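What follows is a set of notes on a single structure, which appears directly below.
Please treat every number below as a calculation from the coordinates, not as lab data. These numbers come from a predicted model, not from an experiment. Cβ sites come from the backbone with ideal geometry, for glycine too, and all protein chains shown count toward neighbours.
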Amino acid sequence: MKLVYGRNPVFEVLKSGKDIDKVVILKTLKSDKLNDIINLCRDKGIRYDFSNKKVLDQASNFQNHQGVIAYVSSFKYCDLNDSLLDKSKRVVILDRIEDPHNLGAIVRTAAATGVDIIIIPERNSCQVNDTVSKVSAGNIDKVKIARVKNISNTIDYLKSKNFWIVGTEVSGGRDYREFKVEGKIGLVLGNEGEGIRRLVKDHCDELIYIPLENGVESLNVSVTAGILLFYMK
């Protein structure tokens, strides 16, 4: 992870299109340039947090950070193309997963179950960072990870390459144990709090759920991924 600090350098790296994990801003900072940085983060769907001076000082090794630091990812995402999909049988599509611990755990399970590709959106989603890599327990390079602009359009693309797209629900659809595992499958997992967006859900070929007992309403998304990916292995 590379750190870029200073108001103008951070603003320029945000405009550059590089993969930014997050931006940390001094909570007491006020300036026109800061407003420009925040607006750019919002436009690009990049996470930004406010923190105190001690945190920024330590992160920048006491350099002149001017109250703002950008964390730039060094991870290399793969290109989603015909050649890659023609050779793939299992794909996981993550719709706005926010917690890096969940993403890391899903990467680890995906590697263990032979998933070929994990797909994440460019915006409003956790990106690959040091936490994701650590939680994956060294498996981050064993699964290809692609970033896309639009999940729904990507699902349509996968369908054109003969993937059957299966979305996950808390209680809708059918019991996952009734799902017949065959052919090329794309499994869609949704946001920790809101699940799969309606538009994305409408693009799925079918929906499945994991039956729960004892009044348990839902499972963590990484647990759901583990159950379903081993079932579909």
field: P(r) of the range 120-233 over all Cα-Cα pairs, binned every 5 Å from zero, in whole percent
entry: 2, 10, 19, 24, 21, 15, 8, 1, 0
- request: Determine, for Ile46, Ile227, Ile140, the number of other Cβ atoms within 10 Å of each Cβ, and report the residues in order from fewest to most.
  value: Ile227, Ile140, Ile46
- request: Report the FRET efficiency, 1/(1 + (r/R0)^6), for Glu12 and Lys180, where r is their Cβ-Cβ distance and R0 is 45 Å, rounded to 0.05.
  value: 0.30
statement: For His101, His65, ascending order of other Cβ atoms within 10 Å (fewest first) is His101, His65
task: Could you order peptides 163-170, 8-15, 29-36 by the average number of other Cβ atoms within 10 Å of their residues, highest first?
output: 163-170, 8-15, 29-36
- prompt: When Ser73, Ser160, Ser222 are ordered from fewest to most other Cβ atoms inside 10 Å of their Cβ, what list results?
  reply: Ser160, Ser73, Ser222
task: Kindly list the residues of the range 1-32 that lie in the label zone of Phe62, defined by a backbone N under 20 Å from the point 7 Å along the Cα-to-C-beta vector.
output: 3-6, 26
statement: Magnitude of the Cβ-charge dipole (Lys and Arg +1, Asp and Glu -1) of the range 1-123 about the Cα centre, nearest 20 debye, reported as 380 debye
- prompt: Relative to the Cα centre, what is the charge dipole magnitude of the range 78-233, using +1 at the beta carbon of each Lys and Arg, -1 at the beta carbon of each Asp and Glu, and rounding to the nearest 20 debye?
  reply: 420 debye
- prompt: Once fully extended, how much extra length lies between Asp116 and Asn220, figured as 0.36 nm per residue of separation less the alpha-carbon to alpha-carbon distance?
  reply: 35.2 nm
statement: For the range 47-129, whose charge dipole is built from +1 on Lys and Arg Cβ atoms and -1 on Asp and Glu Cβ atoms, the candidate among Thr109, Ser88, Asn124 with its Cα farthest towards the positive end is Thr109
message: Compute the distance from the alpha-carbon center of the range 1-49 to that of the range 151-193, in whole Å.
response: 35 Å
query: Looking at Leu29, Gly17, Val68, which one has the Cα that reaches farthest to the positive end of the dipole of the range 2-72 (charges on Cβ: Lys, Arg +1; Asp, Glu -1)?
result: Leu29
statement: Debye calc, one equal point scatterer per Cα of the range 1-114, no solvent, log10 I(q)/I(0) at q = 0.09, 0.10, 0.18, 0.20 1/Å comes to -0.33, -0.40, -0.95, -1.08
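For the chain, what is the calculated [θ] at 222 nm in deg cm²/dmol (nearest 500), taking -39500 (n - 2.57) for each run of four or more DSSP H residues and dividing by its residue count?
Roughly -9500 deg cm²/dmol at 222 nm, from the helical runs in the chain.
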